[in-house]
Amino acid sequence: MKVSESSRFDNIKKISFSNQTLIQYKKYLSTLASRVEECDMSNCILSRGVIRELSKEILKETKLKKLNMRGTRILSASTCFTDVTQSDQLGSFGEALVKLTEANFWASNILEGERLTETFDIFQKLGSFGKLKDLNIGGNQTLHCIEAKTFGQLMNGLEVLNLRSSYLTKEQLTSLLDLMEVETNLRVLKLGNNRIHGLEDICSNKLATALNQVEELELWPCDFTLPQMMSILARIERKTKLKKVIIDEETDRYLSVRYQTGVDLELYPELRSRISKIVLFSLLPY
């Protein structure tokens, strides 16, 4: 029996092209990526053609569920989609992403600047991220450009969200917290190093209620004030869905010093000991 070349990949579930320059292999690369369930393109250099062909394959028919573009860069980012109209090309990529279940864009420029805002406009028009449930968009320096209401509505519909080291606004976070207080699909939320101006003005009770709605919370490195952190952690004893909490060692030390004595103060060392019996409480260096 003669076996076609493409059929060789029928039983392969995962393929990796990581740490490669892939600007010359757009057609074959995209075809192969669409034949597997998981594709690793992390730390690659891509051309606009690769993105275009990959989007076409995903929209046409694909097995692809998980796409890893962590650290991946588009060559000549400022002219990335010049051979077609920018909005059409980005629309195509946005429509393709909603057919996946997991996408990782940590510290990638694939979704930055105008490409980011236009892609989120597509998500907004579609009303959700579609099948996409796990999004890592950490390390993004232009995420603050997304309109606050859109940010909150879309992010609240995910199940796993990594926003660490991305620039956010107080309005974006407040929009998300407002929705999370009522109901959320989020199970895992990762925040930290978000450089949010005016973060200290966000109500501690709002933070505590909303962030105790997820199952896994990572605040590393933590941006919240010490009173805000005490409110979040104290809530665990009263009402929580949390199963795992991660904070940085420095915040833990500051809390231990600030809340170690006092008649009217909740003592942090004792609180940490009690909540460690309720959730998995971990410290990470930073």
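For the stretch 190-197, putting each phi into the Karplus relation 6.51 cos²θ - 1.76 cosθ + 1.60 with θ = phi - 60° gives couplings of 10, 10, x, 6, 9, 6, 8, 6 Hz, in residue order, rounded to whole numbers and with x for Gly and Pro. Relative to the Cα centre, the charge distribution of the chain, modelled as +1 at Lys and Arg Cβ and -1 at Asp and Glu Cβ, gives a dipole magnitude of about 960 debye.
At the listed q of 0.13, 0.26 Å⁻¹, the Debye profile of the stretch 88-170, built from one uniform point per Cα, gives log10 I(q)/I(0) equal to -0.33, -1.66.
Distances between every pair of Cα atoms in the stretch 184-258, grouped in 5 Å steps from 0 to the bin holding the largest one, split as 3, 16, 28, 29, 20, 4, 1, 0 percent.
Every pair of different Cα atoms in the stretch 100-145 enters the Kirkwood calculation, which places the hydrodynamic radius at 11.0 Å. For the pair residue 284 and residue 256, the difference between a 0.36 nm per residue extended length and the Cα-Cα distance amounts to 8.5 nm.
For the stretch 127-286, the fraction of alpha-carbon pairs lying more than 29 Å apart is 14 percent, rounded to a whole number. Assuming charge only on the beta carbon of Lys and Arg (+1) and of Asp and Glu (-1), the dipole of the stretch 101-147 about its Cα centre is about 160 debye to the nearest 20. With Cβ to Cβ distances under 11 Å as the rule, what net charge do the other residues near residue 153 carry (K, R +1; D, E -1)? Taking every Cβ under 11 Å from that of residue 153, the sum is -1.
Per residue, the accessible area of the chain comes to 49 Å², computed with a 1.4 Å probe over protein heavy atoms only. Annotation: for a label point projected 7 angstrom from Cα along Cα→Cβ of residue 266, residues of the stretch 179-203 with backbone N closer than 15 Å are 203.
Excluding same-chain neighbours fewer than eight residues apart, the aspartates and glutamates reachable from residue 26 by a Cα-Cα span under 16 Å are 40, 53, 57, 83.
So, with a 1.4 angstrom probe, what is the percent of accessible area on the stretch 212-251 that is carbon and sulfur? Provide the component values of the computation, followed by the final result.
Details: 700 of 1600 Å².
Carbon and sulfur: 44 percent of the exposed surface of the stretch 212-251.
Over the stretch 122-170, what relative contact order in percent results from Cα pairs under 8 Å that are six or more residues apart? So the answer I get is 51 percent. The Cα atoms of the chain define a convex hull whose projected area, averaged across directions, is 17.0 nm². Here the relative contact order of the chain, from alpha carbon pairs under 8 Å that lie six or more residues apart, stands at 10 percent. Since only 19, 251, 104 are under comparison, the one whose Cα sits farthest along the positive direction of the charge dipole of the chain, derived from C-beta charges on Lys, Arg, Asp and Glu, is 19.
Positive contributions from Lys and Arg (+1) and negative ones from Asp and Glu (-1), summed over other residues with Cβ under 14 Å from the Cβ of residue 25, come out at +2.
The values are calculated or read from the model by the stated rules, or taken from the named source; none is laboratory data. From a predicted model like this one, the values you see are computed outputs, not experimental measurements. Don't worry about glycine lacking a Cβ; one is built from the backbone with ideal geometry, like all the others, and counts go over all protein chains shown. For the accessible areas, the whole protein counts, side chains as well, though only heavy atoms, and no ligand, DNA or RNA atoms are used. Shrake-Rupley method; radii C 1.70, N 1.55, O 1.52, S 1.80 Å.
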